[in-house]
Structures are given as structure tokens and as C-alpha cells.
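Before any comments, here is the structure.
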Amino acid sequence: MSAKLPVSIFNDVIGPVMRGPSSSHCAAALRIGRLAHDLMDADFQEVLVEFDRQGSLPTTHESQGSDMGLFGGLLGWDAADERLPGSPQALRDAGVTIRIETVDTGDEHPNTYRLTLRNLRGEPHTLIAISTGGGMMEVINLDGFAVSLFGDYHETLLSVIGNGPELVKRVTALGGVDDVLLHEHCGKQLVEVKAAHFVSDETIAELRKVCPILSVKRLAPVLPIASRKDTRVPFTTCAEMLAHDAGRNLPLWKLAAEYEMARGNLSEAEVISKMVEIVRILRRSIAQGIAGTHYDDRVLGHQSGQFNDLMKAGRLLDGGALNRIILYVTALMEVKSSMGVIVAAPTAGACAALPGAVMAMAEAMELGEEEMAKAMLASGLIGVFIATRWTFAAEVGGCQAEGGSAASMAAAALVGMANGTLAQSVAAASMAFQSMLGLICDPIANRVEAPCLGKNVMAASNALACANMALAGYDPVIPLDEVIETAQRVAGQMPRELRCTALGGLSITPTSMAIEQRLAAKKAASCGSGCACH
Ligand code: SF4
């Protein structure tokens, strides 16, 4: 079994660029679907999806976009594909039968997907994967073999019987591959080759002369930053980063760039340029949100336009740049809820707090896109510390994992924009996270809209307050690493009902349940009775 490589800012923290209400549902499910699509060579007629009754997915898979993402992935689509809202129908139109069942499997992780796919010849393939938060996933079982695939390599899978060790030796001897693993299950063997490219047909023909190979599968990577053998990063915790800085007081963005350069084998210019691309996407989405978004299947309509009008007319209370932050945060949330393009930063549910705070404050300070990108990079490094030790998944940690992480990341970014010190950036991140501990996840009507809108605004406002407190030298008392550990501990004490299952908090108020029923009835009426996704 290969170990998980260090977290990447672009893979795990700022991204994916996607559509849909929830990255741990839509984007992760899409990536799982893409790998299943490749496992079947894009040829399948039946899909059975099973969710454990005790997990989070039986109650959320449809309303929070798992179905949309999974089916889009099975069709081979991209996470930002504009056809995604219609993916269930598109899959049915392609002649695929879909069954979704709730089963009692006792899965350890609340976001476990069990897929069984068959082609016209009835050949089955199975895949078990978990969504680990922020769009990240891990395939843990393929056709009965225990594996560990994160979608960060070109994976060539060779099925053999009996001669697996010999094949491993020969493929390793070829060189140019990162890892060659032998998996065994019920007398069968699977040789997994992880590399920057697939094993070519010519090489496989040569290997077949000495080792019979029953079948070959090629799974393309689904993450933007590829992994490579022996990747080393300079630090993985805040304490290690401060030790690495050794009193030089480097800006946090510079340390973030150094980290990502090591993780992704990139130059500093490449790292900044990738983040500038993301900044441009975010600015377009903010403008689109303020201009007005429309989507039938949502709880809240377009509200940011009215806020913008009143703000411009001077009819809101004076919040300084905070009002522009609120505008940008709410505009981005509306784009998310209308299936527009967003960036999970660090998740789709909490996609707006960090970019809204950074873009609005940068504009108020008349900073350009490169400065915005540097601020996003700085925030990304705080996200690395969180994702390395813990998670962004609300199903595991409640909203403290999403909104809490976003607030912490945004606070550090804002300090950097004000040319604060490294210690002040870290202090702001710690204070902002401390204020969000224990935050539950209880989406109203099982949609990631409210109270998510207010929680994103709260995270951004908290970030601004903590950034200014840190700039003024306030003492965070508890170091950031200890706050992250505490969030993890608190998550373990939170009941399942308060961790994104829609079984507690505001989710079960009479109003929430009435809205959910109204939206379901409206959808059923527009979908018709032949809707196999229900
Ligand atoms: S309450 Fe927080 S964690 Fe839950 S869906 Fe909303 S933003 Fe995400």
C-alpha cells in the first residue's frame, strides 16, 4: 500500500474549480465517477450505487449533488462542465440503468461510495471510494483488491494470475515509474503501476511474452497537481514552518510558494500564475453573482444585487470594506447555489468566505491580481496545515471544518495583504479558528445555502476582525497547530446528527422540512415519473 503524499495547495486546499453545492459531494463524487468510467473503459450499462445507512450519504446524496457529480464523472465530464445539472438524465439517455440503494455495511467513513458497474456482456467491476473533504477522495478497493488511489497518478492496472511478483520485477526494471505494487485477493493478483504516464501498448506486448496478462486498465489522473516518487516538502505543520523560517520573517505567501514548488515540482512563477488563473475565475464569478443568478431548485433567490444597490446608495450601516466583503461573499454563494462555476476554497459549502474577503479587501486597497494570488497562496498554506492533520469534511468535523478553516485561512491572507509579519499572520489564523470551534453543520432543507450563507459571512467578518487584532499585536494564546488538534478532538465529540447529515440543528425545524418537501415536489413535477435518480 502506498502512503498518501503531502497535501498540495492546488489539489487539496484551493480547488477544484467546479459547479455544485458541495465539494465533498459533487467534486469528489465526480472524481470517483471518472475513475469508474476509466475502469469500465467508458463501456457500461448498469450502475449500482450503495451507501451505508449510518453514513451521511443516504440523506444527502441527491440534494447536495453527489448524484450530479457521480453521474457526470461516469460520463467522463469535467467538474466545471456546464451540463452537470443534467447528468442523471444524460446517463439515462445513454441507456444506463442506475440504482441507488441504502445498505448496512458498517463503513468506517461517513462518505463511502460503493459502486458496481456492468457492461453489456454482464462483466462486473466494483469500486469503493471515500470522499475526504474539499473535493478530495481515495479509492480504497477495486474489484476486491485493497488499494489506495488518490487520482494523482496515471495508473496502469494489470490483472494476472500467479506471476505477479515476476511482473512487478520486470516493470520495475523498465524504470521511469514511481511505484509498482502487487495486490492479492482470492487467488487473483493485480499489479498497479503508478507513473507520470501510462504503460504503453508496446511495453505491455513485450511483457506479455514472458508474463501472461489477463487484462489492462488505465485510470487517468483527476487531480491538477501530479504526484511523484520521493516528494519532499519543507514543513507540514505551522511549528515546523516557523522553525524553517528561522526568524527571517518571510511573508506567508513566499513560504506557501516554496511549499507548493516542492510538492508540485513547479517554479515560483508557475505557482503564482496558477493562482492568478484561479483569481480570475473567482472575480468573474463574483461579478456574475452580483449581476444576478437564476436556478429553480434552490432555497434562496438573488439577494446580493439589492445589497449592492443599497450599499452604493449609502443606505447601509457603515462597515467600511466589510460591506464589500459581505457583498462578494453573498454573490459567490449565489453563484454556487445556481450551479455556476466556483472554486472550492477550501470547500464548496465554504467557498465564499476566503475569496470574498481577499478580493473585496484587495480592491479596497487597490491591489492587483498578483497580490490577490499571493494572499490566496498564503491562505492555502494555512489550509495545508489543517488538511495534513485533519480534514475539511463537514461530515467528519461539522462546519468548524469548513467555515472554521475558511476563517482561519482568510485571516492569515488579510494580514499578509496589510504587510503584517509572519507571526501576525499565524496569530490571526489561530484566533479566527478558535472562534469557530464547535460550529455544527445543519443545512436547511438539505441544501447548502442557509445557514451556509450566514456562516460564510461570519467566517469572513471574523477573519477581518482577527486580522486587525493580530496586526495590533493581540495575543492568540493557543498556537495554531494546537487549535487544529482541538478542532479534531471537538469533532469526535459531536454527534452524527450535527455533522452534515441533515438530521439535526436547523435542518429538522418545521420550516426546513416544509421547504425541503416543497422543493422535492417541485422537482418531481418538473422531472416526471420516470426519474430513476429518485
Ligand atoms: S453549515 Fe457549514 S459545513 Fe454545513 S453545508 Fe453549510 S457551509 Fe457547509
Quote the FRET efficiency, to the nearest 0.05, computed for residue 496 versus residue 41 with a Förster distance R0 of 45 Å and r equal to the Cβ-Cβ distance. 0.75
Checking rank on 403-410, 483-490, 341-348, 241-248, with mean other Cβ inside 10 Å and highest first, the result is 403-410, 341-348, 483-490, 241-248
Do any GluC sites (Glu not before Pro) in the stretch 345-374 lie in a loop, going by DSSP, with at most 14 other beta-carbon atoms within 10 Å of their beta carbon, and if so which? 366
How big is the charge dipole of the chain about its Cα centre, in debye rounded to the nearest 20, if each Lys and Arg gets +1 on its Cβ and each Asp and Glu gets -1 on its Cβ? 440 debye
Using a cut-off of under 17 Å, list every residue of the stretch 402-446 whose amide N is near the label point 7 Å from the Cα of residue 249 along the Cα-to-beta-carbon line. 415-428
For the stretch 236-306, what's the relative contact order in percent, using C-alpha pairs closer than 8 Å and at least 6 residues apart? 15 percent
Averaging over all projection directions, find the projected area of the Cα convex hull of the stretch 130-223 and quote it in nm² with one decimal place. 5.8 nm²
If each of residue 116 and residue 220 carries a label point 7 Å out from its Cα toward its Cβ, how far apart are those two points in nm? 2.9 nm
How would you order 465-471, 300-306 from highest to lowest mean count of nearby Cβ atoms within 10 Å? 465-471, 300-306
Between the DSSP loop rule and a limit of at most 12 other Cβ atoms within 10 Å, which GluC sites (Glu not before Pro) in the stretch 93-180 are left? 108
Quick numbers on the stretch 296-336, Rg and Dmax over C-alpha atoms in Å, give 11.0, 34
Expressed as cubic angstrom per residue, what is the convex hull volume of the alpha carbon set of the stretch 359-437? 84 Å³
Using 7 Å Cα-to-Cβ label points, what is the residue 294/residue 172 separation (nm, one decimal)? 6.2 nm
No solvent, one uniform scatterer per C-alpha: report log10 I(q)/I(0) for the chain via the Debye equation at q = 0.06, 0.07, 0.08 1/Å, two decimals. -0.28, -0.38, -0.50
In whole Å, what are the extents of the stretch 323-381 along the principal axes defined by its C-alpha atoms, from largest to smallest? 29, 26, 15
For the stretch 375-457 the mean separation of alpha carbon contacts under 8 Å (6+ apart) over residue count, i.e. relative contact order in percent, is 30 percent
What number comes out for the charge environment of residue 456, summing +1 per Lys or Arg and -1 per Asp or Glu over other residues with Cβ under 10 Å away? +1
Relative contact order for the stretch 425-505: what is it in percent, counting Cα pairs under 8 Å that are at least 6 residues apart? 51 percent
Counting only protein heavy atoms and using a 1.4 Å probe, what share of the accessible area of the chain belongs to carbon plus sulfur, as a whole percent? 53 percent
Which whole DSSP H helices in the chain pass both tests: a Cα extent of 27 Å or more along the axis and a mean Kyte-Doolittle value no lower than 0.0? 268-291, 369-389, 452-471
Give me the percent of Cα-Cα pairs in the stretch 31-163 that sit more than 22 Å apart, rounded to a whole number. 33 percent
In nm, spacing of pseudo-spin labels at residue 161 and residue 508 (7 Å Cα→C-beta vector): 5.2 nm
Under a Cβ-only charge scheme (Lys and Arg +1, Asp and Glu -1), can you give me the dipole magnitude of the stretch 168-266 about the Cα centre, in debye to the nearest 20? 260 debye
Counting other Cβ atoms within 10 Å of each Cβ, which trypsin sites (Lys or Arg not before Pro) in the stretch 85-142 have at most 10 and sit in a DSSP loop? 121
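The values are calculated or read from the model by the stated rules, or taken from the named source; none is laboratory data. Everything quoted here is computed from the prediction, not taken from an experiment. All Cβ positions, even for glycine, are placed from backbone atoms using ideal geometry, and neighbour counts span all protein chains on display. Remember, those area values only see protein heavy atoms, side chains included, never the ligands or the DNA or RNA. Shrake-Rupley method; radii C 1.70, N 1.55, O 1.52, S 1.80 Å.
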